[in-house]
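For reference, the structure discussed in these notes is given below.
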């Protein structure tokens, strides 16, 4: 019995140490991460569709560098945001399935409650507009000042159908409208 007790105690201790080591390794990997490529997929109320490309997020001296390499979008400006949850699936809202609704609202850790654009002191998730060329590609890089890659890990990146006026008026959240593409930041 004493022998079994020692083995049981040792097993518990070993499991605890291993869990701690795994956690330490995960934390060290996250803190060492300075660049991450995220696959972005088209989204509809029916679910997640085909890939439309990638966005690479990386830390720079000026802030979070955002480098899209996307195709298949409509030309013009699109609302572009970090959303709260790492999930691009559809979800019901007011009795209707909504594309990428599982991503939740704009990422707003300071609880500002306002959409003011990337330099306006609102949601941390307010990114510079995504500029899409006439051929449907988006490759123009942008920098989000004061934000690091570690700030947006385990969130989602969202592209909206319309542009973004960086205001909550006349339409809430910049007026970008429907969610058309999404990627999970992991």
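The values are calculated or read from the model by the stated rules, or taken from the named source; none is laboratory data. Model, not experiment: these values are computed from the prediction. For neighbour counting, all protein chains shown are included, and Cβ atoms are generated from backbone atoms with ideal geometry for every residue, glycine included.
What the table below lists for this structure:
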{"read-out": "For residue 128: the one exception among (1) in contact (Cβ under 8 Å) with a residue 24 or more places away in the chain; (2) surrounded by 16 or more Cβ atoms within 10 Å (Cβ to Cβ); (3) outside any loop (DSSP other than H, G, I, E, B)", "value": "(3)"}
{"read-out": "Residue within segment 133-142 that is closer than 17 Å to residue 37 by Cβ and surrounded by 20 or more Cβ atoms within 10 Å (Cβ to Cβ) present", "value": "yes"}
{"read-out": "Residue in segment 100-114 that is more than 19 Å from residue 155 (Cα to Cα), assigned by TED's automatic domain parsing to the domain that holds residue 40 and assigned to a strand (DSSP E or B) present", "value": "no"}
{"read-out": "Failed item in (1) under 19 Å from the mean Cα position of the chain (by Cα); (2) farther than 15 Å from residue 154 by Cα; (3) modelled with pLDDT of 95 or more, with residue 56 passing the rest", "value": "(2)"}
{"read-out": "Filter result for the condition that a residue is closer than 18 Å to residue 127 by Cα, assigned to a strand (DSSP E or B) and touching a strand residue (DSSP E or B) at 6+ places or on another chain (Cβ under 8 Å), over 50, 67", "value": "67"}
{"read-out": "Yes/no for residue 91 being free of Cβ contacts under 8 Å to residues at least 60 places away in the same chain and either buried (at least 20 other Cβ atoms within 10 Å of the Cβ) or out of contact with any strand residue (DSSP E or B) (no Cβ under 7 Å at 6 or more places or on another chain) (or both)", "value": "no"}
{"read-out": "Residue satisfying condition, being more than 28 Å from residue 133 (Cβ to Cβ), at pLDDT below 95 and in contact with a strand residue (DSSP E or B) (Cβ under 8 Å, 6 or more places away or on another chain), within set 86, 105", "value": "105"}
